[in-house]
Amino acid sequence: MNALYAPSPFYDITSRASQPLPLLVFSSCWYLGVTLDVTEFRTDENAHFQVCANFIKMEDVLSSEDFGRRIICDGEYGTVCYVGTIPPTSGLWLGIEWDHPLRGKHNGSHEGRRYFTCSQLNALSDISLRGCEVSNAGQKVEILHSCPNISVLNLSKNLLASWENVADIACQLKKLNTLDLSENRFYPPSHPSLLANAFENLTTLSLNQTGITWKEVLQCAAMWPVLEALHLASNGISSMERPVNCLQSLTLLNISDNKLSDEKQLYALSELPRLKQLIITNNRISSVEFPVTRFGCSTEFFSSLTSLSVDGNNVSLWSFINELNKLKRLQSLNCQNNPLMESEKNPGTVRQLIIAKIANLKYLNKTEILPEERRGAELDYRKFFGIDWLKAGGSHKSEFNNLCVMFLVEHPRYTALVKKYGAPDDEEIKSLQPVNLKNKLLCLTIKCPDKPDQQPIKKNLPDSMSVQKLKGLLFRLLKVPGSELKLTYESSKMEGKEIELENDLKPLQFYSVENGDCVLVRW
């Protein structure tokens, strides 16, 4: 049975007869907006039914089992929403909820008592008919008359097979901007441009699990002249072509859970002028390359892209991250569940390297990158690869810099970091060489700012000590449970700022704690 158009028994009151007729049948959520007129039916000598002003009295005709039955009166459709008595009158009475909002006169109450509630179908803006076996629009303009203000419509997992049927529904909803057609199956329309008026205000469209190909998307795109967000998850898409004169207003594209593996497929999307968010999670992408004129330049590809999600792909090389730094507006990156994230024993090290390699990044794996974290990551990167920089032709005197191409390919941001912070000095580079434990010790002052009676404590600690182990040490010194401790530190290089040691698993060197710094302890 079709949920939008199905044969249902109803009563034609004006013809005084009961007969089955085709009716527009909605799910319960569609009954959210009509006003009430309660009309009376009485039996007299000359007629089986007589239309009166306020109630329907059906003493010997209907029973309580007729709750929900559809009726028609003078061409107006309605639904039986109350079957019962209305004191002090006798007999069985019906309360009718009319489809047309101007037909009713009351709101389901009589003489101060409410018998049922009407819900203003004409004011409804967000509706879901998921899994309701919808196959077409039903009677002509019935949707327009019943619920013209719908802006968000979910028709996923139904029996829709043609875009013409979808257009018949959409053309009656002039305010429709969000449409979910996932888990239906469509054949391409013969003349998609002729259906564009039906979707003239549509900005968000979901076609997940529809089996649609990218080629079919481009064929249908003429129907969606102002589309901004398109969801195409789980469609088995493995190849893409460049959109020509279509999808130019797209700002979000979700092609997750497909079969994209060749980096060249992404180039098909790279010239979309307004694309800000690209979601390609759970595909098979392993690499990408954006040609530029020289090292350190930005690419013109993806000129508006600010957010990229590549979780669950096959990214294993740092060259992928290097290439993302060429995207001039990229601010948010999600890249979890890739082999690259397991390339270092310490996950914090991977995070540091990504932050240092992508200059404009503000969010990594849904976590904000604070200025202190970026500064620490870039300083550590500059220090960690300082020896490689010297061996590749780097020099403290810029006029003698002659870096080899191989180093620039592997570390394209290193030159920018040297300009930002200066060249790494000999002491920084030496600190990375194998030395005895004594030379790795940090002389730190431990203070309790909220406990003025507690005297400062000086300790020599290895920079490899984790925050968790430091808390264990402080537990023994201060007799306070480690789980209650909150640690920050102050550096002479950043006067007036406290940097929180928030991750128990990270070593002191991760936070760039240096000799002579002060650790602040609170509980």
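Do you know which residues across the stretch 266-276 are surrounded by fewer than 18 Cβ atoms within 10 Å (Cβ to Cβ) and of a type in the set (Gly, Ala, Ser)?
Within the stretch 266-276, Ala268 is the sole residue that qualifies.
Quick one: in the stretch 243-265, of everything that is under 22 Å from Gly211 (Cβ atoms) and over 20 Å from the mean Cα position of the chain (by Cα), which residue is most open to solvent (accessible area, probe 1.4 Å)? Give the derivation first.
Filtering the stretch 243-265 down to residues under 22 Å from Gly211 (Cβ atoms) leaves 243, 246-247, 250, 252-262, 265.
If we keep only those that are over 20 Å from the mean Cα position of the chain (by Cα) as well, we get 243, 246, 259-262, 265.
Details: Pro243: 8, Cys246: 20, Lys259: 98, Leu260: 1, Ser261: 62, Asp262: 66, Gln265: 32 Å².
This residue is Lys259.
Inspect the stretch 254-266 for any residue being closer than 17 Å to Leu205 by Cβ and outside any loop (DSSP other than H, G, I, E, B) and give the result as yes or no.
The answer is yes, given that some residue of the stretch 254-266 is closer than 17 Å to Leu205 by Cβ and outside any loop (DSSP other than H, G, I, E, B).
Inside the stretch 135-166, can you point out the residues that are outside any helix (DSSP H, G or I), in contact (Cβ under 8 Å) with a residue 60 or more places away in the chain and out of contact with any Asp or Glu (no Cβ under 8 Å at 6 or more places or on another chain)? Lay out the reasoning, then the answer.
Going through the stretch 135-166, the residues outside any helix (DSSP H, G or I) turn out to be 135-141, 147-162.
Then keep just the ones that are in contact (Cβ under 8 Å) with a residue 60 or more places away in the chain; that gives 135-139, 147, 158-159.
Once the filter is applied, which keeps residues that are outside any helix (DSSP H, G or I), in contact (Cβ under 8 Å) with a residue 60 or more places away in the chain and out of contact with any Asp or Glu (no Cβ under 8 Å at 6 or more places or on another chain), the stretch 135-166 yields Ser135, Gly138, Gln139, Cys147.
Any residue at all in the stretch 235-244 that's in contact (Cβ under 8 Å) with a residue 12 or more places away in the chain and over 22 Å from Asp262 (Cβ atoms)?
Looking for residues that are in contact (Cβ under 8 Å) with a residue 12 or more places away in the chain and over 22 Å from Asp262 (Cβ atoms), one finds none in the stretch 235-244, hence no.
Restricting the search to the stretch 277-293, which residues are in a loop (DSSP other than H, G, I, E, B), within 17 Å of Ile255 (Cβ to Cβ), among the polar types (S, T, N, Q) and open to solvent by 50 Å² or more (accessible area, probe 1.4 Å)? If you could, list the steps in order and put the result at the bottom.
Residues of the stretch 277-293 in a loop (DSSP other than H, G, I, E, B): 280-293.
Restricting the remaining residues to those that are within 17 Å of Ile255 (Cβ to Cβ) gives 280-286, 288.
Okay, now just the ones that are also among the polar types (S, T, N, Q), so 281-283, 286.
Answer for the stretch 277-293, where residues must be in a loop (DSSP other than H, G, I, E, B), within 17 Å of Ile255 (Cβ to Cβ), among the polar types (S, T, N, Q) and open to solvent by 50 Å² or more (accessible area, probe 1.4 Å): just Asn282.
Lys175 - would you say it is touching a Ser or Thr at 6+ places or on another chain (Cβ under 6 Å) and among the basic types (Lys, Arg)?
Judged against the criteria, Lys175 is a match.
Can you say whether Gly131 is at positive phi, surrounded by fewer than 20 Cβ atoms within 10 Å (Cβ to Cβ), in a loop (DSSP other than H, G, I, E, B) and within 42 Å of the chain's Cα centre (by Cα), as far as the supplied structure shows? Explain how you work it out, then say what you get.
Details: at positive phi: yes; surrounded by fewer than 20 Cβ atoms within 10 Å (Cβ to Cβ): yes; in a loop (DSSP other than H, G, I, E, B): yes; within 42 Å of the chain's Cα centre (by Cα): yes.
So Gly131 passes the test.
Count, please, the residues in the stretch 453-484 that happen to be at pLDDT below 85, over 26 Å from Lys345 (Cβ atoms) and assigned to a loop (DSSP other than H, G, I, E, B).
Adding up the residues that qualify gives 3.
Only residues in the stretch 292-318 that are within 21 Å of Ser343 (Cα to Cα) count as the first member; pair them with residues that are in a loop (DSSP other than H, G, I, E, B) and basic (Lys, Arg), Cβ under 9 angstrom, at least 6 apart or cross-chain, and list the lot.
That search, which allows pairs on different chains as well, returns Asn313/Arg284; Asn314/Arg284.
Out of everything in the stretch 413-432 that is outside any loop (DSSP other than H, G, I, E, B) and modelled with pLDDT of 90 or more, what residue ends up being nearest to Lys493 (Cα to Cα)?
Tyr421
For the stretch 70-85, give me each residue that is open to solvent by 20 Å² or more (accessible area, probe 1.4 Å) and of a type in the set (Val, Ile, Thr). Full working, then the answer.
Taking the stretch 70-85 and keeping what is open to solvent by 20 Å² or more (accessible area, probe 1.4 Å), we get 72, 74-77, 81-83, 85.
Of everything in the stretch 70-85, those that are open to solvent by 20 Å² or more (accessible area, probe 1.4 Å) and of a type in the set (Val, Ile, Thr) turn out to be Ile72, Val83, Thr85.
Quick one: in the stretch 302-331, of everything that is touching a strand residue (DSSP E or B) at 6+ places or on another chain (Cβ under 8 Å) and open to solvent by 50 Å² or more (accessible area, probe 1.4 Å), which residue is nearest to Asn254 (Cα to Cα)? It would help to see each step written out before you state the result.
Going through the stretch 302-331, the residues touching a strand residue (DSSP E or B) at 6+ places or on another chain (Cβ under 8 Å) turn out to be 302, 305-311, 324, 326-328, 330-331.
Of the ones still in play, those that are also open to solvent by 50 Å² or more (accessible area, probe 1.4 Å) are 328, 331.
Values: Lys328: 21, Gln331: 18 Å.
By that ranking, first place goes to Gln331.
Looking only at the stretch 413-428, how many residues end up being of a type in the set (Gly, Ala, Ser) and surrounded by 11 or more Cβ atoms within 10 Å (Cβ to Cβ)? Steps first, answer last, please.
Applying the first criterion (of a type in the set (Gly, Ala, Ser)) to the stretch 413-428 yields 416, 422-423.
Still in the running and surrounded by 11 or more Cβ atoms within 10 Å (Cβ to Cβ): 416, 423.
Summing the residues that are of a type in the set (Gly, Ala, Ser) and surrounded by 11 or more Cβ atoms within 10 Å (Cβ to Cβ) in the stretch 413-428 gives 2.
Within the stretch 468-517, restricting attention to residues that are among the acidic types (Asp, Glu) and touching a Phe, Trp or Tyr at 6+ places or on another chain (Cβ under 6 Å), which residue is least open to solvent (accessible area, probe 1.4 Å)? Lay out the reasoning, then the answer.
Step one: of the stretch 468-517, the residues among the acidic types (Asp, Glu) are 484, 490, 495, 498, 500, 502, 504, 514, 517.
Next cut, touching a Phe, Trp or Tyr at 6+ places or on another chain (Cβ under 6 Å) only: 484, 517.
On the way: Glu484: 107, Asp517: 5 Å².
Only one residue tops the list, namely Asp517.
If a residue must be free of Cβ contacts under 8 Å to residues at least 24 places away in the same chain and open to solvent by less than 10 Å² (accessible area, probe 1.4 Å), how many such residues does the stretch 167-192 contain? Full working, then the answer.
We begin by selecting, within the stretch 167-192, every residue free of Cβ contacts under 8 Å to residues at least 24 places away in the same chain; these are 190-191.
From what is left, the residues that are open to solvent by less than 10 Å² (accessible area, probe 1.4 Å) are none.
The total comes to 0.
Identify all residues within the stretch 454-464 that are surrounded by 15 or more Cβ atoms within 10 Å (Cβ to Cβ) and within 19 Å of Arg522 (Cβ to Cβ); write none if there are none.
Hits for the stretch 454-464 are Ile457, Lys459, Leu461.
From the list Asn334, Asn338, exactly one residue is in contact (Cβ under 8 Å) with a residue 12 or more places away in the chain, in contact with a strand residue (DSSP E or B) (Cβ under 6 Å, 6 or more places away or on another chain) and either open to solvent by 10 Å² or more (accessible area, probe 1.4 Å) or on the phi < 0 side of the Ramachandran plot (or both). Which is it? Step through it out loud before you land on a result.
Numbers: Asn338 fails: in contact with a strand residue (DSSP E or B) (Cβ under 6 Å, 6 or more places away or on another chain).
Of Asn334, Asn338, the one residue that is in contact (Cβ under 8 Å) with a residue 12 or more places away in the chain, in contact with a strand residue (DSSP E or B) (Cβ under 6 Å, 6 or more places away or on another chain) and either open to solvent by 10 Å² or more (accessible area, probe 1.4 Å) or on the phi < 0 side of the Ramachandran plot (or both) is Asn334.
When you go through Ala196, Ala221 one by one, which is the residue that is outside any loop (DSSP other than H, G, I, E, B), small (Gly, Ala, Ser) and surrounded by fewer than 18 Cβ atoms within 10 Å (Cβ to Cβ)? Break it down stepwise before answering.
Values: Ala221 fails: surrounded by fewer than 18 Cβ atoms within 10 Å (Cβ to Cβ).
Of the residues listed, the single one that is outside any loop (DSSP other than H, G, I, E, B), small (Gly, Ala, Ser) and surrounded by fewer than 18 Cβ atoms within 10 Å (Cβ to Cβ) is Ala196.
The values are calculated or read from the model by the stated rules, or taken from the named source; none is laboratory data. Worth saying up front: this structure is predicted, and the values here are computed from it rather than measured. Every residue, glycine among them, receives a Cβ derived from its backbone with ideal geometry; neighbour counts consider all protein chains shown. Quick note on the areas: whole protein, heavy atoms, side chains included, nothing else; ligands and nucleic acids left out. Shrake-Rupley method; radii C 1.70, N 1.55, O 1.52, S 1.80 Å.
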